[in-house]
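**Q** One structure coming up, written as structure tokens, with questions to follow.
The values are calculated or read from the model by the stated rules, or taken from the named source; none is laboratory data. Note that the coordinates shown come from a computational prediction; the quantities given were computed from them, not determined experimentally. Here the Cβ positions follow ideal geometry from the backbone for every residue, glycine too, while neighbour counts run over all protein chains shown. For accessibility, only protein heavy atoms count, side chains too; no ligands or nucleic acids. Shrake-Rupley method; radii C 1.70, N 1.55, O 1.52, S 1.80 Å.
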Amino acid sequence: VQLQASGGGSVQAGGSLRLSCEASERTFRFYAVGWFRQAPGKEREFVAGISASGTTSYADSVKGRFTISRDNAKNTVYLQMNSLKSEDTAVYYCARRLLPDADFGSWGQGTQVTVSS
């Protein structure tokens, strides 16, 4: 099963975007979901995560600007990104895992976010 990430685009610094991560399976609600990003020439990095129960976590670089949420009825996890900066430019991916110590899997194709200053 793969996750479908969407909602990327090009915005100016200070703007906002909302990314969506959609799964086709109803069991999605039992998984923790993470958003990651990879900028050109850089390693993929964790951005935000949400557990099955709704507990959230964020990278320090996005705290206070990004908000992760989930709508289990729609099998979708969202990433609301506000006050975007040029350094947020990257391909954003979502992935899921069932257990806290498991690797994230079911990576989608990613969605490009470009922030111009």
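**Q** From largest accessible area down, sort Val91, Val33; use a 1.4 Å probe on the protein chains. Let's see the in-between values first.
**A** Working: Val91 35, Val33 0 Å².
The ranking, largest first, comes out as Val91, Val33.
**Q** Still on this structure, I have one more. Taking a temperature of 20 °C and a viscosity of 1.002 mPa s, what whole-number D in µm²/s does Stokes-Einstein yield for the chain with Rh from Kirkwood over alpha carbon pairs? Provide the component values of the computation, followed by the final result.
**A** Details: Rh = 14.0 Å.
In µm²/s, the coefficient is 153.
**Q** So for segment 51-117, Kirkwood radius off the Cα pairs, Stokes-Einstein at 25 °C and 0.890 mPa s: how many µm² s⁻¹?
**A** 181 µm²/s
**Q** Mind checking the full-extension length gain between Gln2 and Ser53? Use 0.36 nm per residue of separation minus the Cα-Cα distance, one decimal, nm.
**A** Extending this stretch completely gives an extra 16.2 nm.
**Q** Here's another thing I want to ask about it. Would you work out the charge dipole size for segment 10-85 about its Cα centre, treating the Cβ of every Lys and Arg as +1 and the Cβ of every Asp and Glu as -1, and quote it to the nearest 20 debye? Walk me through the intermediate numbers first.
**A** Details: 11 positive and 6 negative charges, 24 e Å.
Here the size comes out at about 120 debye.
**Q** Which of the peptides 52-60, 75-83 is most tightly packed, and how do the rest follow, going by the mean number of other Cβ atoms within 10 Å of each residue?
**A** Details: 52-60: 11.7, 75-83: 20.1.
Top to bottom by mean Cβ count within 10 Å: 75-83, 52-60.
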